[in-house]
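Q: Starting off with a structure, shown below.
The values are calculated or read from the model by the stated rules, or taken from the named source; none is laboratory data. The structure displayed is predicted, hence computed values, not measured ones. Every residue, glycine as well, gets a Cβ built from its backbone with ideal geometry; the counts of neighbours run over all protein chains shown. For accessibility, only protein heavy atoms count, side chains too; no ligands or nucleic acids. Shrake-Rupley method; radii C 1.70, N 1.55, O 1.52, S 1.80 Å.
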Amino acid sequence: MPNNMLKFVGLGQRMPDKRLAAERRRDFQEIYAEFEPARAAEQAGRCSQCGVPFCQVHCPLQNNIPDWLKLTAEGRLEEAYEVSSATNNMPEICGRICPQDRLCEGNCVIEKGFESVTIGSVERYITDTAFERGWVKPPRPTRELDQSVGIVGAGPAGLAAAEQLRRRGYKITVYDRYDRAGGLLIYGIPNFKLEKAIVQRRTRLLVDGGVTFRQNFELGRDATLEELRQRHDAVLIATGVYKARDIQAPGSGLGNIVPAMRYLVASNRKGLGDAVPEFDSGALDAAGRRVVVIGGGDTAMDCVRTAVRQGALSVKCLYRRDRANMPGSQREVKHAEEEGVEFVWLSAPEAFLGEREVRAVRASRIHLGVPDATGRQQPQTIEGSHFNVDADLVIKALGFDPDDLPVMFKAPELKVTRWGTLGVDHRTQMTNLPGVFAAGDIVRGASLVVWAVRDGRDAAEAMHRYMRAKSPGAEPAVAQAAE
Ligand code: FAD
Ligand code: SF4
Ligand code: SF4
């Protein structure tokens, strides 16, 4: 064991420098600075190089974390990058926005007593450095193949699959209904968690590697699924989930009650320099308003923190469970509290009050009852516990379900599960239609970026096997990272 590891006993956990809340509230820039090289090496050196690394077990990509930590501690950054990028198509993005407290870092063995190794920040540092130093190359194959793949959806699942298949030499076209590639990385997740330039840097790499992007192309409107099947040897559906869950309560039709994605897309577009009439008219701008966000997941956290930055008068988050039982990351709650967000735990909306526009949310207190079959304690309303929260902008962030895909894609034969997600054979990632595969949120339901990357990689492998079986003569090129 080299003596630059195992430093956790004498060296405490130190994240990269975090900007002060008062400064963060005024802009949309990321809140953490980049690691200084010496500090990254030091922090990586806190790893105890476990024989059974639980960090790796709990990373959906099974990243080889101990190895790249060791290489970073030894200053061998290019090798660290090679190891880290071997299992992850966007390590700098996962390093920024994975809920590490629930995944790798939350399962680091030194977490008990010594605080975990700062795995995510080191992962981000390695790949940001690799980009700076020109080590990250477009996915150029050594040999072109004749077979072509159509990928519908340019979110992390689609992009990861595109890169993997392009490396093998397939011709790739990515179709997306938005005007920019990136899916929720661009239009959902705000800049202060993930700057847009970081996502665009990834997409550019794919373009440079020969992937064709067809933006403003909606499957179901601009082509049917059957037409894409005719055009390509295999098709991947990676269209995510976008149907917002709603609240059925008196007054829910009042003005200034908006769904989270409409609010976030407008804010993200504004940040990207687009003309956004709905924002400019004030309808989706929180400036000077009392904002109430309903929900307790990542989307709700992004809404409250966006509202703070837009200059809201006050921002409150109503959630029906308590802090310990919320689905969003605890780190995000901490950031939000530092930035001035007030959490009203154990409360649920009962009605929206106002004449034409909302003026207040009537809520009730909640008691958490016995766990149901899923193991989660069920919220129960406490009778007579009403209270009002003033509001002139209410944002509903209650989660997402899939759209009616067979109708949307004009493909009645496409089978969906009872939750509306796409059913796939988990050995082949294929739907019930031969040559049509699926990955990401549209298979799992609303999940995480790191799972979308994992699914995209698995689907790419399965599609490669399928196409090779269809055309055994076309032996694929060896996957290659360098030009
Ligand atoms: P998406 O990213 O949704 O991409 C799907 C793409 O398909 C989109 O570009 C869409 O335009 C396109 N599309 C849809 N229908 C069609 C069609 N008919 N034709 C053509 N194109 C179509 N995860 C984390 O890990 N960390 C976070 O901090 C985090 N924060 C989040 C914040 C918000 C506000 C939201 C909503 C989600 C967040 N998530 C987070 C979850 C994460 O973004 C998703 O799990 C992930 O993006 C799913 O990837 P995907 O590729 O399956 O789908
Ligand atoms: Fe942790 Fe996510 Fe990186 Fe895996 S991909 S090591 S879970 S930050
Ligand atoms: Fe290192 Fe923690 Fe992973 Fe063990 S669990 S290998 S200490 S990062």
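Q: How many of the residues in the range 213-222 are acidic (Asp, Glu), surrounded by fewer than 14 Cβ atoms within 10 Å (Cβ to Cβ) and within 26 Å of the chain's Cα centre (by Cα)?
A: Count: 0.
Q: Taking the range 18-50, which residues are touching a strand residue (DSSP E or B) at 6+ places or on another chain (Cβ under 7 Å) and in a loop (DSSP other than H, G, I, E, B)?
A: Step one: of the range 18-50, the residues touching a strand residue (DSSP E or B) at 6+ places or on another chain (Cβ under 7 Å) are 18, 31-32.
31, the sole residue that qualifies.
Q: Exactly one condition in (1) β-branched (Val, Ile, Thr); (2) in a helix (DSSP H, G or I); (3) open to solvent by 70 Å² or more (accessible area, probe 1.4 Å) is not met by residue 370; state its number.
A: Only one criterion in (1) β-branched (Val, Ile, Thr); (2) in a helix (DSSP H, G or I); (3) open to solvent by 70 Å² or more (accessible area, probe 1.4 Å) is unmet by residue 370, namely (2).
Q: Further question: Out of the range 68-106, which residues are more than 16 Å from ligand 1 (Cβ to nearest atom), under 20 Å from residue 14 (Cα atoms) and not hydrophobic (A, V, I, L, M, F, W, C)?
A: Within the range 68-106, 70, 72, 74, 75 qualify.
Q: Select, from 280, 222, 208, the only residue that is farther than 30 Å from residue 362 by Cβ, acidic (Asp, Glu) and at pLDDT below 95. Before the answer, list the steps.
A: Numbers: 222 fails: at pLDDT below 95; 208 fails: at pLDDT below 95.
Answer to the selection: 280.
Q: Inspect all residues belonging to the range 405-416 and state whether any of them is away from ligand 2 (no atom under 16 Å from the Cβ) and under 21 Å from the mean Cα position of the chain (by Cα). Reasoning before the result, please.
A: Step one: of the range 405-416, the residues away from ligand 2 (no atom under 16 Å from the Cβ) are 405-416.
Add one more test, that the residue is under 21 Å from the mean Cα position of the chain (by Cα), and what stays is none.
So far as the range 405-416 goes, no, none of its residues is away from ligand 2 (no atom under 16 Å from the Cβ) and under 21 Å from the mean Cα position of the chain (by Cα).
Q: Would you call residue 395 outside any loop (DSSP other than H, G, I, E, B) and in contact with a Ser or Thr (Cβ under 8 Å, 6 or more places away or on another chain)?
A: Working: outside any loop (DSSP other than H, G, I, E, B): yes; in contact with a Ser or Thr (Cβ under 8 Å, 6 or more places away or on another chain): no.
No.
Q: Return the residues of the range 123-133 that are of a type in the set (D, E, K, R) and buried (at least 24 other Cβ atoms within 10 Å of the Cβ); say none if nothing qualifies.
A: The first filter runs over the range 123-133 and keeps only residues of a type in the set (D, E, K, R), leaving 123-124, 128, 132-133.
Within the range 123-133, 123, 124 meet the criteria.
Matching residues to (1) surrounded by fewer than 23 Cβ atoms within 10 Å (Cβ to Cβ); (2) under 25 Å from residue 420 (Cβ atoms):
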| position | (1), (2) |
| --- | --- |
| 209 | yes, no |
| 224 | yes, yes |
| 237 | no, yes |
| 246 | yes, yes |
| 278 | yes, no |
| 313 | yes, no |
| 317 | no, no |
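Q: May I pose another question? Please state which of the following conditions residue 283 fails to meet, knowing it meets all the rest: (1) open to solvent by less than 40 Å² (accessible area, probe 1.4 Å); (2) assigned by TED's automatic domain parsing to the domain that holds residue 432.
A: The failed condition is (2).
Q: Can we say residue 300 is open to solvent by less than 20 Å² (accessible area, probe 1.4 Å), touching a strand residue (DSSP E or B) at 6+ places or on another chain (Cβ under 6 Å) and within 16 Å of ligand 1 (Cβ to nearest atom)? Outline the logic, then answer.
A: On the way: open to solvent by less than 20 Å² (accessible area, probe 1.4 Å): yes; touching a strand residue (DSSP E or B) at 6+ places or on another chain (Cβ under 6 Å): yes; within 16 Å of ligand 1 (Cβ to nearest atom): yes.
Here the answer is yes, as residue 300 does meet what is asked.
Q: Give the range 5-57 a look and list any residue that's more than 15 Å from ligand 3 (Cβ to nearest atom) and open to solvent by less than 50 Å² (accessible area, probe 1.4 Å), or say none.
A: Across the range 5-57, the qualifying residues are 16, 19, 21, 24, 27, 30, 31, 33, 35, 39.
Q: Give the residues of the range 436-451 that are among the small types (Gly, Ala, Ser), open to solvent by 10 Å² or more (accessible area, probe 1.4 Å) and in contact with a helix residue (DSSP H, G or I) (Cβ under 8 Å, 6 or more places away or on another chain), sorted by residue number.
A: Here is the first cut: in the range 436-451, the residues among the small types (Gly, Ala, Ser) are 438-440, 445-447.
The next check asks that each one be open to solvent by 10 Å² or more (accessible area, probe 1.4 Å); those that pass are 445-447.
If the condition is that a residue be among the small types (Gly, Ala, Ser), open to solvent by 10 Å² or more (accessible area, probe 1.4 Å) and in contact with a helix residue (DSSP H, G or I) (Cβ under 8 Å, 6 or more places away or on another chain), then 447 is the only one that fits.
Q: Collect the residues in the range 333-351 that are within 16 Å of ligand 1 (Cβ to nearest atom) and open to solvent by 30 Å² or more (accessible area, probe 1.4 Å), keeping them in residue-number order.
A: 334
Q: Something else about it: Of the numbered conditions (1) in contact (Cβ under 8 Å) with a residue 12 or more places away in the chain; (2) open to solvent by 40 Å² or more (accessible area, probe 1.4 Å), residue 162 fails exactly one; give the number of that condition.
A: Residue 162 satisfies all of (1) in contact (Cβ under 8 Å) with a residue 12 or more places away in the chain; (2) open to solvent by 40 Å² or more (accessible area, probe 1.4 Å) except (2).
Q: Let me ask you something else. Condition check: open to solvent by 10 Å² or more (accessible area, probe 1.4 Å), in a helix (DSSP H, G or I) and within 16 Å of ligand 2 (Cβ to nearest atom). Does residue 94 satisfy that? Before you say what the answer is, go through the steps one by one.
A: Numbers: open to solvent by 10 Å² or more (accessible area, probe 1.4 Å): no; in a helix (DSSP H, G or I): yes; within 16 Å of ligand 2 (Cβ to nearest atom): yes.
No: the conditions fail for residue 94.
Q: Could you list, ordered by first residue, the pairs with Cβ atoms under 9 Å in which the first is in the range 54-69 and closer than 19 Å to residue 35 by Cβ and without any contact (Cβ under 8 Å) to a residue 40 or more places away in the chain and the second is away from ligand 1 (no atom under 16 Å from the Cβ) and β-branched (Val, Ile, Thr), at least 6 apart or interchain?
A: As it stands, the answer is 67/83, since those pairs meet every condition given.
Q: Inside the range 248-276, can you point out the residues that are open to solvent by 80 Å² or more (accessible area, probe 1.4 Å), part of a loop (DSSP other than H, G, I, E, B) and touching a residue at least 12 places away in the same chain (Cβ under 8 Å)?
A: If the condition is that a residue be open to solvent by 80 Å² or more (accessible area, probe 1.4 Å), part of a loop (DSSP other than H, G, I, E, B) and touching a residue at least 12 places away in the same chain (Cβ under 8 Å), then 250 is the only one that fits.
Q: Of the numbered conditions (1) touching a His at 6+ places or on another chain (Cβ under 9 Å); (2) in contact (Cβ under 8 Å) with a residue 60 or more places away in the chain, residue 18 satisfies every one except a single condition; which is it?
A: Status for residue 18: all satisfied but (2).
Q: Output the number of residues of the range 100-122 satisfying the condition of being open to solvent by less than 10 Å² (accessible area, probe 1.4 Å) and within 16 Å of residue 329 (Cβ to Cβ).
A: Qualifying residue count for the region: 5.
Q: A further question on this structure: Six or more apart or on different chains, Cβ atoms under 7 Å: show the pairs whose first residue is in the range 76-92 and free of Cβ contacts under 8 Å to residues at least 24 places away in the same chain and whose second is crowded, with 24+ Cβ neighbours inside 10 Å.
A: Filtered contacts from the range 76-92: 83/68.
Q: Among the residues of the range 165-181, are any in contact (Cβ under 8 Å) with a residue 24 or more places away in the chain and on the phi > 0 side of the Ramachandran plot? Before the answer, list the steps.
A: From the range 165-181, those in contact (Cβ under 8 Å) with a residue 24 or more places away in the chain are 165-181; that's our starting set.
Add one more test, that the residue is on the phi > 0 side of the Ramachandran plot, and what stays is 169.
The answer is yes, given that some residue of the range 165-181 is in contact (Cβ under 8 Å) with a residue 24 or more places away in the chain and on the phi > 0 side of the Ramachandran plot.
Q: Looking at (1) touching a residue at least 12 places away in the same chain (Cβ under 8 Å); (2) more than 15 Å from ligand 1 (Cβ to nearest atom), which is the only condition residue 327 fails?
A: Here residue 327 meets the rest and fails (2).
Q: Select the strands (runs of 3 or more DSSP E) contained entirely in the range 123-231, then report the ones holding at least 3 residues which are of a type outside the set (Ser, Thr, Tyr) and more than 16 Å from ligand 2 (Cβ to nearest atom). Don't jump to the end; show me each part of the working.
A: Numbers: elements: 148-152, 171-175, 212-214.
Fully inside the range 123-231 and qualifying: 148-152, 171-175.
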